[in-house]
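This report refers to the structure that appears directly beneath it.
The values are calculated or read from the model by the stated rules, or taken from the named source; none is laboratory data. These numbers were taken from a predicted model, which means no experiment stands behind them. Cβ sites come from the backbone with ideal geometry, for glycine too, and all protein chains shown count toward neighbours. To get the accessible areas, we keep the full protein, side chains included, count just its heavy atoms, and leave off ligands, DNA and RNA. Shrake-Rupley method; radii C 1.70, N 1.55, O 1.52, S 1.80 Å.
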Amino acid sequence: MQGNGTFTVAEVFRVNATNYNQAPLWLTGTSASTNTLVDFSYVGNPVGPLELDWTNSAQFPTNKWKYLSAFTPTTGSWYFVACTVKANGATPIAHMWTGIGGSLVDVIAGVSRTQTGTATQTPNVGTSPLRLGGDSGNTHHTNASYAGLFVYSRELGRPEVELMYRTVKAKMAARGVTLQ
């Protein structure tokens, strides 16, 4: 997930409660003066829409390029979300496949990548571990539970994501947990 990379990160999570500030459900990269971090988070307090962004700070991300969905997870419900990104020069091609009511929906289909502040357009993710539920400065945390995480060094296609979603949904149901 370094540089202008191609990758997929899929996870099963539940937002347990609202948060003080936007905190990533996952992130990688380093906080620096350039566009060196990618994160997947929900916006606002209370919980708002899901967002995939490239920024220079996970703490107060004002300079970023983002895909902002119109989908807001319901606190207390379990979700499957797969973010797929394909390197494409200055503008990556991204999908945010989300399980909603038993169907897989790309909640950023038709959404343009937009700029806030003065972030560098070409994604340039710095080397760093993948973090769950916290920012790179370890000052903000997401109040969420995680039931699965899948990381790929390539963009998965819809059929692969669909198979993963159906499999995880069936496994969660066998344990008495409803996955949206």
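Values computed for the structure shown
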read-out	value
In Å, descending, principal axis extents of the Cα set of segment 105-176	47, 32, 21
Residues in segment 68-109 that a label on ALA173 would reach, taking backbone N under 14 Å of a point 7 Å out along Cα→Cβ	100-104
GNM top mover of LEU52, LEU27, LEU130 - the chain, alpha-carbon springs below 10 Å	LEU130
Gain upon complete extension [ASN143, ALA90; 0.36 nm per residue less C-alpha separation]	15.8 nm
For the chain: relative contact order, % (alpha-carbon pairs under 8 angstrom, 6 or more apart)	33
Net lengthening on full extension, ASN16/THR62 (0.36 nm per residue, minus Cα-Cα)	14.0 nm
Per-q log10 I(q)/I(0), the chain, q = 0.15, 0.19 Å⁻¹ (Debye; single scatterer per alpha-carbon; no solvent)	-0.79, -1.31
Gain in span if fully extended, SER103 to THR118, counting 0.36 nm per residue against the direct Cα distance	1.7 nm
Candidate residues HIS95, HIS141: accessible-area rank, largest first, probe 1.4 Å	HIS141, HIS95
